[in-house]
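Quick notes on the structure that follows.
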Amino acid sequence: SQDKLWYLLAYNPAFTSEEVSLGTLGMFDNEVTTHRLASKLNWRLNDDNDLELSFFADPTNSEGVGGLPTWLGTPTELANPDPALSEITSGGFNLVLNGKHWLGDSFLLESRLSQVTRDNKIVPLTETGANEVLFMDFDTGIWSGGNPTRTDNQTRVTGAGVGASWLGQQHTLKAGLEYRNQVWDIDDRQFFLGKFDAGGGNDVYQTLEFSTQGTMKCRLLSAYLQDSWRLGESLRINLGVRWDGQSLIGSDGNVAQSFNDQIQPRLGFTFQPGASGKSQLFGSAGRFYQDVALIAPSSLFVAGSVYRTVVYDHDPRQDPSGGNVTVDFESEIAPEQDLEGQHFDELTLGYALMLGPRAKFTLRGVYRELKNGLEDSIVDETTGHFEWGNPGYGLLTDFPRMTRIYRALEFTLEHAPTEKYNFLFSYVLSENKGNYPGLYPADISSDGWPNMGPAFDVLEQTIDADGQLPNNRTHVLKLLGSYHLTRDFSAGLTASWQSGTPLNEFGAAQFDNFYRVFLQPRGTAGSTP
């Protein structure tokens, strides 16, 4: 019956056909087909138990422009379209079962089961793309040849969790356990050829080869406990602690690296001085760990993963002999290290004040500091041997520690002069500085390589690397407003102004032409508009 069972079933296919410009080569077709399916079932078993089952799927196939790897840079021009033409298969499905179970008037038990599957397949669309190497001329910025990527990956994530809440007069207690198991089946191969100016009218050619084939797994177990404690009418304190234990399992089925000391204390408060309740002090402090993405350990804990570079004094497409191997890395599953997971500390403090019945002013300060991180680095430049760990510690002790500090002051004014009209104005003054941009180093690469990005690959890259980070915007102003013309119709406006982001000047590292180094201190080569 309607008061016991409710369901939804939806199918929303999307067929996109567009022409995409590839510069002087003209316009090329891009066809994308997505089959979106969604269903939801709510079942009220009785007055104390509810179940909710959700399913979502979005298998997607794309043929045309896409899949061009830009983590080595962006071409100024393509000599032929084949490097940018791919067939891409993506998407997957999500299945989630949630339950709510009341055990008395003040005790709530919540349960959760989930399964997620995602596919990622990229293959060249044309015969030229499949049979020729991608050639990147770094003197002219022109790319030509074929498509370098052959990817056929699948990710499966199984999750389960249970949480319990007790609602008291002064305390609201909550505790829970969560479990997640992730399996990544990998078949990823890429091959590039670059041409560089060696000076004196001479050119060098360098190949770069990646290959990973195998299975990585990750197990994550979490536990948390928190208490929201009300002390009188004006003060509430929130206390909590969370623990995450993560184990990375190599292709041999054994634990290759674990992070089991990730304890994260949290504290928050709100205080209303005076009896009027027109003002409020609030703040929070906490430590936050970030899960380790599997792309980094997949290159280190899947046996047989290859990373190889070869330098030639001639074009190897004409004569493949005579190359000098500068990096020849084939992974073995190394012994487990004593490592810290990537984490940061954050402190916020704010004050809110009601300016009459329809206006509110808020001032908030934020301080966020990276405490440690994980990256891969070449520790022996004669052999190109990689290690993975915490820069500044252990096997990476020759590298500087990671630093990133964000400071901000946020001013917000909310005002509703009438019931029909309201607006919000905000201004943020901030600074983001350090030697590590984060999991996605936007100033060095446009592609994401979390925990194995280009920031700490070779020691040369850490010289002049401390400065303004790529997402640093000193000033940001925003204005939002809306006006209700009738009961069923309203109009809104959003306006924003923000200062530019810092620019850098890069050159090639002496160790390897594919690695970028700072030619002047980070963030001092001007800024975007």
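The values are calculated or read from the model by the stated rules, or taken from the named source; none is laboratory data. What you are looking at is a predicted structure, and each value in this text was computed from that prediction instead of being measured. Reconstructed Cβ throughout: ideal geometry from the backbone, glycine too, with neighbour counts over all protein chains shown. Quick note on the areas: whole protein, heavy atoms, side chains included, nothing else; ligands and nucleic acids left out. Shrake-Rupley method; radii C 1.70, N 1.55, O 1.52, S 1.80 Å.
Below, the figures for the structure above:
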| read-out | value |
| --- | --- |
| Index of the failed condition, Asn260 passing every other in (1) farther than 17 Å from Gln337 by Cα; (2) free of Cβ contacts under 8 Å to residues at least 24 places away in the same chain | (1) |
| Near pairs, Cβ below 7 angstrom, 6+ apart or cross-chain, from the range 208-220 (over 9 Å from Phe191 (Cβ atoms) and assigned to a strand (DSSP E or B)) to any residue that is among the basic types (Lys, Arg) and modelled with pLDDT of 90 or more | Leu220/Arg180 |
| Extreme residue, nearest to Ser258 (Cα to Cα), among residues of the range 378-401 that are among the aliphatic types (A, V, I, L, M) and open to solvent by less than 20 Å² (accessible area, probe 1.4 Å) | Leu396 |
| Qualifying residue in the range 36-51 (condition: more than 26 Å from the chain's Cα centre (by Cα), closer than 28 Å to Thr74 by Cβ and either surrounded by 15 or more Cβ atoms within 10 Å (Cβ to Cβ) or of a type in the set (Ser, Thr, Tyr) (or both)) | no |
| Every residue from the range 498-513 that is of a type outside the set (Gly, Ala, Ser) and touching a His at 6+ places or on another chain (Cβ under 8 Å) | Gln498 |
| Pair list, Cβ < 6 Å and 6+ apart or interchain, from the range 338-357 residues that are under 18 Å from Ala285 (Cβ atoms) and outside any loop (DSSP other than H, G, I, E, B) to residues that are open to solvent by less than 50 Å² (accessible area, probe 1.4 Å) and among the hydrophobic types (A, V, I, L, M, F, W, C) | Phe344/Leu370; Leu347/Ala285; Thr348/Val366; Gly350/Phe282 |
| Matching residues, the range 499-521, being within 19 Å of Ala442 (Cβ to Cβ) and assigned to a loop (DSSP other than H, G, I, E, B) | Ser499, Gly500, Thr501, Leu503, Asn504, Glu505, Phe514, Tyr515, Leu519, Gln520, Pro521 |
| The range 303-320, residues that are farther than 20 Å from Phe514 by Cβ, touching a strand residue (DSSP E or B) at 6+ places or on another chain (Cβ under 9 Å) and at pLDDT 90 or above | Asp319 |
| Top-ranked residue of the range 198-207 - restricted to ones that are assigned to a strand (DSSP E or B) and exposed (fewer than 15 other Cβ atoms within 10 Å of the Cβ), ranked as farthest from the chain's Cα centre (by Cα) | Asn202 |
| First in the range 10-30 and loosely packed, with under 12 Cβ neighbours inside 10 Å, second anywhere and charged (D, E, K, R), Cβ under 6 Å, 6 or more apart | Asn12/Arg36; Ser17/Glu31; Gly23/Glu77; Met27/Glu19 |
